[in-house]
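Colleague: Got a structure for you, questions after.
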């Protein structure tokens, strides 16, 4: 199998038809891809981007060994996006962690 | 004037070795292989085989895998006492063979990932891309026709690696995943090795 013109056109066609939201739902719900929790804070212009996954978790997911499934305890936290939408939360422009409060 | 179109299909053939519990042998020989799911770190859903590639002896690797896979770490005992290795001739049309041991195959998977990433970026979303999931996605959504996937991976084939949870980044095995065993293997299955599980990990 090679990425010749026919195959490329076929792949392109799928991505032209599917909407971004549908694709996201398909990938995360049907195929169990994990979403990267990123908080992008916009205050007029781009301010900061904080990756909420620990580097440890990223390493484990990328290089986890193959035969024995690892079980990681995940502590559920309030989704940062919810906070962004909440106009009652005040953001400190000088703080690199805007949701610390 | 008649115009004849001749399509030449290239068939890829290779030997595959599957390690398993000896108790499964009769049902496999009679009914064929069944695919397993959930191997997100390997090559997606399918029936797995060790094949020749970066490893010189895939049969021996299947033996080692079957022996070590017997160990049930939760109950701290072997799930089975006798292992078996089955040999199959795997055949697949080249147009349905995703070979991730070469640049052509990797280019396809990279291209699909790129389009996913670009599309998701339009709504500010990002995901962790995992090989097995991406292959499942491409195959099941019929973005490309895949019947067999081959790739190089690192598999713990010695006790120390498993006890101490050690992994190298340099791959040591070439494996393949067959999604339609009835198409690509059929009944062409032979028992080539059988023995007692020698190790106990405790």
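Colleague: What do you reckon, is residue B:121 closer than 25 Å to residue A:14 by Cβ and surrounded by fewer than 19 Cβ atoms within 10 Å (Cβ to Cβ)?
Modeller: Numbers: closer than 25 Å to residue A:14 by Cβ: yes; surrounded by fewer than 19 Cβ atoms within 10 Å (Cβ to Cβ): yes.
In short, yes.
Colleague: Suppose we filter B:106, B:153 for residues that are within 18 Å of the chain's Cα centre (by Cα) and free of Cβ contacts under 8 Å to residues at least 24 places away in the same chain; which single one remains? Don't jump to the end; show me each part of the working.
Modeller: Numbers: B:153 fails: free of Cβ contacts under 8 Å to residues at least 24 places away in the same chain.
Matching residue, one of B:106, B:153: B:106.
Colleague: Does any residue in region B:120-143 that is within 7 Å of chain A (Cβ to nearest Cβ) come within less than 8 Å, Cβ to Cβ, of a residue that is assigned to a loop (DSSP other than H, G, I, E, B) and at pLDDT 95 or above six or more places away or on a different chain, and which pairs are these?
Modeller: Going by the 8 Å Cβ cut-off, the qualifying pairs are B:137/B:143.
Colleague: With B:135, B:159, B:201, B:175 as the choices, which residue is surrounded by 14 or more Cβ atoms within 10 Å (Cβ to Cβ), at pLDDT 90 or above and farther than 19 Å from residue B:56 by Cα? So that I can check it myself, show each step before the final result.
Modeller: On the way: B:159 fails: at pLDDT 90 or above; B:201 fails: at pLDDT 90 or above; B:175 fails: farther than 19 Å from residue B:56 by Cα.
Answer to the selection: B:135.
Colleague: Looking at (1) closer than 16 Å to residue A:31 by Cα; (2) in contact with a helix residue (DSSP H, G or I) (Cβ under 6 Å, 6 or more places away or on another chain); (3) part of a loop (DSSP other than H, G, I, E, B), which one does residue B:145 not meet, given that it meets all the others?
Modeller: (1)
Colleague: OK, next. In this structure, does residue B:70 turn out to be more than 10 Å from every other protein chain (Cβ to nearest Cβ), touching a strand residue (DSSP E or B) at 6+ places or on another chain (Cβ under 9 Å) and at pLDDT 95 or above?
Modeller: no
Colleague: I would also like to ask the following. Could you tell me which residue of region A:1-40 is nearest to residue B:102 (Cα to Cα), considering only residues that are more than 7 Å from every other protein chain (Cβ to nearest Cβ) and touching a residue at least 12 places away in the same chain (Cβ under 8 Å)?
Modeller: A:37
The values are calculated or read from the model by the stated rules, or taken from the named source; none is laboratory data. Remember, it's a predicted structure, so these values are computed and weren't measured experimentally. When we count neighbours, we look across all protein chains shown, and the Cβ atoms used for this are built from the backbone with ideal geometry, even at glycine.
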